[in-house]
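Here is the structure we will look at.
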Ligand SMILES: [Zn+2]
Ligand SMILES: [Zn+2]
């Protein structure tokens, strides 16, 4: 497993906005989906495939891949 540590940290729901939780879930879901398509971790913090260690980092991360990973993903989808 990878960037999913937040799943086990039991964040206090209510202290967080629903929006942020939803965004976090979406970001991590897309990240994991990227792995299933063979995508590796990214060195760009703005990329969804960037490996984040903390919630703050996950919040900083974008829900979309960088240009390079977008290309890789498109190639993987084409191949499938
Ligand atoms: Zn990962
Ligand atoms: Zn990337």
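General remarks:
- Fewest neighbouring Cβ atoms within 10 Å first, the residues 63, 48 line up as 63, 48.
- Alpha carbon Rg of segment 17-79, scaled by the compact-globule rule 2.2 N^0.38 Å: 1.08
- Taken along the Cα-to-beta-carbon direction at a fixed 7 Å, the label points for residue 67 and residue 53 span 3.0 nm.
- Rounded FRET efficiency, nearest 0.05, which uses the C-beta distance separating residue 78 from residue 17 and R0 of 25 Å: 0.10
Read the figures in this text as sums done on the coordinates, not as results from a lab. The shown structure was predicted, so the numbers you read here are calculated from the model rather than taken from an experiment. Cβ sites come from the backbone with ideal geometry, for glycine too, and all protein chains shown count toward neighbours.
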